[in-house]
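First comes the structure, then the notes that go with it.
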Amino acid sequence: MKRTLIGFATVALTLALVVAPARAQLNGYPVYAWTSGPGITLAGDFGRGLNDASGRQNAFGGRIGVTLPMVSVWAGAATVDLRVDGLSNETTFGGGLALKVFDPPLIPLAISLQAGAGYMNQSLDPLGIGTDISVVNVPLGVAFALNVPNPAVEIQPWIAPRIHFLHASALGGSNSEVGFGTSAGLNVTLPAGFGAHLAADYMSIGDPSVQPLVFGAGFHYRIPLPGVPGVPGM
């Protein structure tokens, strides 16, 4: 019983230190909607928390994804600077799936269902607690992407509202939260496949509510797949 109570106390403490900013597939990033055109996309990313609820942390990492005409899958990893005295940088892992449900040829709007999962294990030994805590994020939502007609460059603004599930556990104790969030961004890709992207993310989760605000930006490169039509959008 004592061990369980310590576990719940540890989880409660860590929610204040770690879980609030740890709220995307790749912690420290916005929840990106995967809206790349068909092909293999490589992306390098930077994430930054903008308010106290986000931890004002920095994250650096990369993602790789494969997009076919109807479905996309992606995976990635990042190093997160938690910006908490006594806690070292940690690595987070995540991935996702996007399923296109609407993308008619004469309408520049594409709609896709988006699902993801992310994991981070944080050691609390430097704080004298002597344990690790595991944090799992599962965002589920829908993405609306607009393919702006332009013969010279692919311009794609998008917005993705979601439901967000978060679970943290340590020493037999655990805590689960459900929240709502929205991310929005802009992807710009040249005909040669090189491009840049940026996004912002807002979420409200927990009771009392925690409302992190996160910004992300990076570069990407898309490699066409032989035999797969190069229709932009997802």
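The values are calculated or read from the model by the stated rules, or taken from the named source; none is laboratory data. For clarity, every value in this text was computed on a predicted model and none was experimentally measured. Positions of Cβ are generated from backbone atoms using ideal geometry, with glycine treated the same way; all protein chains shown enter the neighbour counts. Side chains are part of the model used for accessible areas, which takes the heavy atoms of the whole protein and leaves out ligands, DNA and RNA. Shrake-Rupley method; radii C 1.70, N 1.55, O 1.52, S 1.80 Å.
Sequence-distant or interchain residues sharing an amide H contact under 5 Å with residue 131, placed H: which?
Sorted by chain and number, the residues that satisfy this are 124, 125.
Lys and Arg at +1, Asp and Glu at -1: add these up for the other residues within a Cβ distance under 12 Å of residue 143 and post the number.
On the way: positive: 100, 162; negative: 103.
Residues near residue 143 contribute +1 overall.
Would you mind getting the accessible area per residue of the range 148-234, heavy atoms of the protein chains only, 1.4 Å probe, in Å²? Please list the in-between numbers first.
On the way: 4340 Å² over 87 residues.
In whole numbers, the range 148-234 has 50 Å² accessible per residue.
Given a 1.4 Å probe and every protein chain left where it sits, what share in percent of the accessible area of the range 130-234 is carbon and sulfur?
Answer for the range 130-234 is 73 percent, counting heavy atoms of protein chains only.
Taking Cα centroids, how far is the range 162-207 from the range 76-116 in Å?
7
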